[in-house]
1. Kindly give the semi-axes, whole Å and largest first, of the ellipsoid equivalent to the chain, taking each as the square root of 5 times a Cα gyration tensor eigenvalue.
2. Taking the simple approach of a point 7 Å from Cα along Cα-to-Cβ for both residue 33 and residue 71, what is their distance in nm?
3. Measure off 7 Å from each Cα along the Cα-to-Cβ vector at residue 21 and residue 47, then give the distance between these two points in nanometres to one decimal.
4. Sort 46, 67, 11 by Cβ crowding within 10 Å, fewest neighbours at the top.
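Since every read-out is calculated from the coordinates, none of them should be taken as a lab result. Note that this is a predicted model, so its numbers are computed, not measured. Because the Cβ atoms are built from the backbone with ideal geometry, glycine has one as well, and the counts that use them run over all protein chains shown.
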């Protein structure tokens, strides 16, 4: 989703749910969740923050995740 909120500005939103697999590490399967929120400018540059959560056992932990900051350029 990316609704227009200004003259040439959009808010971007991505949601994701799925299964996570750990290859080559035995039976590592679990759930995967993602949310990404960003701002798109008139120059088609997107600045975003993304949150990921994994729920499968790694090193005696049940949950792990990360936070990412990034930018992207739309070229089409």
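1. Equivalent ellipsoid semi-axes, largest first: 33, 11, 10 Å.
2. For the pair residue 33/residue 71, the computed spacing is 3.1 nm.
3. 3.8
4. Taking fewest neighbouring Cβ atoms as first place, the list is 67, 11, 46.
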